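Read through the structure below, which is laid out as structure tokens, and then see the notes.
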Amino acid sequence: MNGAESLIRTLIAGGVEVCFTNPGTSEIHLVAALDRTPAMRCVLGLFEGVVTGAADGYARMAEKPACTLLHLGPGLGNGLANLHNASRAQVPIVSLVGQHATYHLHHDTPLTSDIEAIARPHSKWLRTSASASELGRDAADAIVVARTAPGQIATLIVPADVAWTEGGTIATLPALPKPPLPAAATIERAAAMLRSGLRTAILMTGNVLYGKGLTVAGSIASATGAKLLAPYPVVRVERGVGVAQVERVQYVLEQAVEQLKEFRQLILVGEHPPMAYFAYPGKDSAFTSAECDIYTLASPGEDYIGALEALWVALSSPHRTHLVEQKIERPHVPSGEITLAGLAAAVGALLPENAIVVDESMTSGRGMMAATRGAPPHDWLGNTGGSIGIALPLAAGAAVARPDRRVLCLSADGSGMYTLQALWTMAREGLKVTTVVFANRSYAVLKREFSYLGVGDPGRRALDMFEIGRPNLDWVHLAKGMGVPGARVNSLDEFAKALRDGFASEGPALIEVPL
């Protein structure tokens, strides 16, 4: 077999079963190997930012890596914004990038670039394969690195002649390293903090925000009165009735300071101390008070669930039911004119059980989490790196990973335009994604930031950089052009009907909400 075949077969043997791709000439032999290997599902994105964002969404919900296949340095460069988000999410991705044949590089043809330099900022592991005989082993190494806790991006650059040369072999995947537990003294110190009676919060990320990890965290919170927190850039959090309560840290500096001012102790699980996204003149970036004792129970890469289980044992608490959302009455389906509160109430009233919510609604959707607190159990995925344009591809990847679940994608119109090509992928793959676009025709968060920084009100020239009207975007026609049925709603009654229709459909749907 040639190098390309050994690469793809090694990936499949290592549990990598989906390839999100946008290939070019240098990757043709990899495409041919994929063509001959039906066990690998191939999902095409019409823009590389869709490819990388979808791989992120897949990893969050499948809890294992997909691979991406991109064309040379420019293709990788197009996908970097969502690779930045994925690296911040600490999700596993095997990133495959084609390269010119080794003997062709010295010609310095137009697409030649320093691919390793482009890949390095977001790659935990980076290698350019040297021969067909080593390509299978390189793939196995990439899988191990990607799947090493807490999850990371492993980039493998494949020269065209390495792919087409015979002599490839399928490599056996070595045992994955187990994440280490924190030291016993670390566990005991955290237990002592929780016994102290001081107001304490536990800020968590990764796999302790859903499933078994969240159950243990909920038991600790119930026994000690500690508050469970998730960072604003949340990767994935399980929520709803019957699920331990986790509060998301606020985005706005003053709101976060107010939210956290009561706590005198903050225990970190896989997280750093919470800080503002940006610096502001004359203001401290820290969310916690100077009197708050911040302590790390588990550092990134350690065993988060194991750390909480050990903490639960150290507390020697009687067995108690973990703190969960009790049966809270869902909002009534609203009617009348469109308001942000009404839109949130409609989502809270109609969200299906076991749904996946992908949230990049920026300013318009900030009431959504409160309104869905009493909804049936569901997962909530956010933008982890702040690079906008993640919602639509993240939703597509999540739907590929979990075709048994409904996906609700909440997007602002400005950020949606970065990667609207994901709608085409949703249509082609028949993904059950209902996308809601909040069309306020502006980068509203930037208007707020302008005034927040104390430089006065924006003038006409500044407003022209923040507003995206003139002409107004037509999301219904944009969706139709991508093969996705769309509807523009002008009342809460119409919005509720469109939501119901979307959740009942066997493919994607889009709802444009003018604001």
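Within the bounds of segment 259-269, is there any residue that is under 23 Å from E360 (Cα atoms) and over 20 Å from the mean Cα position of the chain (by Cα)? Yes, because at least one residue in segment 259-269 is under 23 Å from E360 (Cα atoms) and over 20 Å from the mean Cα position of the chain (by Cα). Assess whether A276 counts as being touching a Ser or Thr at 6+ places or on another chain (Cβ under 6 Å) and either under 28 Å from G211 (Cα atoms) or surrounded by 17 or more Cβ atoms within 10 Å (Cβ to Cβ) (or both). So A276 fits the description; yes.
Take V31 and tell me if it is outside the structural domain of L431 (by TED's automatic domain parsing), assigned to a helix (DSSP H, G or I), modelled with pLDDT of 95 or more and touching a strand residue (DSSP E or B) at 6+ places or on another chain (Cβ under 6 Å). Here the answer is no, as V31 does not meet what is asked.
Within segment 153-170, does at least one residue satisfy the condition of being under 19 Å from E63 (Cβ atoms) and touching a Phe, Trp or Tyr at 6+ places or on another chain (Cβ under 7 Å)?
yes
Just one of the listed residues (V241, V246) is more than 21 Å from the chain's Cα centre (by Cα) and surrounded by 15 or more Cβ atoms within 10 Å (Cβ to Cβ), and it is V241. Quick check on segment 72-81. Is at least one of its residues crowded, with 19+ Cβ neighbours inside 10 Å, assigned to a loop (DSSP other than H, G, I, E, B) and not charged (D, E, K, R)? For segment 72-81, residues crowded, with 19+ Cβ neighbours inside 10 Å, assigned to a loop (DSSP other than H, G, I, E, B) and not charged (D, E, K, R): present. Per the listing G430, G397, G365, the residue uniquely within 23 Å of G486 (Cβ to Cβ) and surrounded by fewer than 18 Cβ atoms within 10 Å (Cβ to Cβ) is G430. Checking the structure you have, find out if any residue of segment 126-141 is closer than 18 Å to V16 by Cα, part of a strand (DSSP E or B) and touching a Leu at 6+ places or on another chain (Cβ under 7 Å). Checked against the condition, which is being closer than 18 Å to V16 by Cα, part of a strand (DSSP E or B) and touching a Leu at 6+ places or on another chain (Cβ under 7 Å), segment 126-141 yields no hits at all. Across segment 376-391, the qualifying residues are those that are under 11 Å from the mean Cα position of the chain (by Cα) and of a type in the set (A, V, I, L, M, F, W, C), and the one among them that is farthest from F47 (Cα to Cα) is W380. Looking only at segment 215-227, filter to residues that are touching a residue at least 60 places away in the same chain (Cβ under 8 Å) and aliphatic (A, V, I, L, M); which one of those is surrounded by the fewest Cβ atoms within 10 Å (Cβ to Cβ)? Among those that are touching a residue at least 60 places away in the same chain (Cβ under 8 Å) and aliphatic (A, V, I, L, M), it is A223.
Filtered by the rule that a residue be in contact (Cβ under 8 Å) with a residue 24 or more places away in the chain and not in a strand (DSSP E or B), segment 193-206 gives M193, L194, R195, S196, L198, R199, T205, G206. Against the numbered list (1) modelled with pLDDT under 95; (2) farther than 29 Å from A62 by Cα; (3) among the polar types (S, T, N, Q), S361 comes up short only at (2). Listed conditions (1) of a type in the set (A, V, I, L, M, F, W, C); (2) in contact with a helix residue (DSSP H, G or I) (Cβ under 8 Å, 6 or more places away or on another chain); (3) free of Cβ contacts under 8 Å to residues at least 40 places away in the same chain are all met by A117, apart from (2).
Of the strands (runs of 3 or more DSSP E) lying entirely inside segment 263-373, those containing at least 1 residues that are aromatic (F, W, Y) span 293-298. You will find that of A185, A190, A175, the residue that is surrounded by fewer than 14 Cβ atoms within 10 Å (Cβ to Cβ), at negative phi and part of a helix (DSSP H, G or I) is A185 and no other.
The values are calculated or read from the model by the stated rules, or taken from the named source; none is laboratory data. Quick caveat, the model's predicted, so the values are computed rather than measured. In this analysis, Cβ positions are derived from the backbone assuming ideal geometry, glycine residues included, and neighbour counts consider all displayed protein chains.
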